[in-house]
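Report on the structure given below.
The values are calculated or read from the model by the stated rules, or taken from the named source; none is laboratory data. This is a predicted model, so every value here is computed, not measured. No Cβ is skipped: glycine too gets one built from the backbone with ideal geometry, and neighbour counts run over all protein chains shown. Surface areas here come from the heavy atoms of the whole protein model, side chains and all, with no ligands, DNA or RNA. Shrake-Rupley method; radii C 1.70, N 1.55, O 1.52, S 1.80 Å.
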Amino acid sequence: IADFFNIPKSHLTEEQLSNKIETRSNVMKVPILGAIRNGEPILVEENYYGYKYELVDSLPNRNVFYFQVTEDSMEPSIPKNSFVLIKEQSEIQNGEIAAVRMNDDSEITLKRVKYQGDVLFLIPDNPKYEPIIIIE
């Protein structure tokens, strides 16, 4: 019978556990840390809004989290109410979109980063918003 159904003989002769739950070790709970307004900077509040589940292989590294975008300054690249996956990193490349902490790390904004000498421009993709200029 086991050969006919292409199953191991032990499935017919040994008691099988019925409460077995298959776990997936390749899935990670990524925290949603809150909302981020991408117009003006907001105060950083690390409030867990919940989690999103992602395949580990699809993540850039394990130091990631989500924010929900609540404004439209990065449209059309990032629509309002989107969840953005943020990868924690120490350096940002010119032209990348990043969640940038400002004012002694008490505020955060989502913008495209542009370096020009000692000046950092945080540029919205939506032309109705002005860039934020930071002189280092």
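Values computed for the structure shown
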read-out: Filter result for Val119 (under 23 Å from the mean Cα position of the chain (by Cα) and β-branched (Val, Ile, Thr)); value: no
read-out: Flag if Ile86 is in contact with a strand residue (DSSP E or B) (Cβ under 6 Å, 6 or more places away or on another chain), among the β-branched types (Val, Ile, Thr), within 27 Å of Leu55 (Cα to Cα) and assigned to a loop (DSSP other than H, G, I, E, B); value: no
read-out: Index of the failed condition, Leu12 passing every other in (1) in contact with a Lys or Arg (Cβ under 9 Å, 6 or more places away or on another chain); (2) at pLDDT below 85; (3) over 30 Å from Glu130 (Cβ atoms); (4) not small (Gly, Ala, Ser); value: (1)
read-out: Some residue of segment 102-120 being touching a strand residue (DSSP E or B) at 6+ places or on another chain (Cβ under 9 Å) and without any contact (Cβ under 8 Å) to a residue 12 or more places away in the chain; value: no
read-out: Positions within segment 89-116 being outside any loop (DSSP other than H, G, I, E, B) and under 12 Å from Ile134 (Cβ atoms), in sequence order; value: Val100, Arg101, Met102, Glu107, Thr109, Lys111, Val113, Lys114, Tyr115, Gln116
read-out: Tally of residues being within 25 Å of Tyr115 (Cα to Cα) and free of Cβ contacts under 8 Å to residues at least 40 places away in the same chain across segment 67-85; value: 2
read-out: Hits in segment 47-67 - residues which are in contact with a Leu (Cβ under 9 Å, 6 or more places away or on another chain) and open to solvent by less than 90 Å² (accessible area, probe 1.4 Å); value: Asn47, Lys52, Glu54, Leu59, Pro60, Val64, Phe65, Tyr66, Phe67
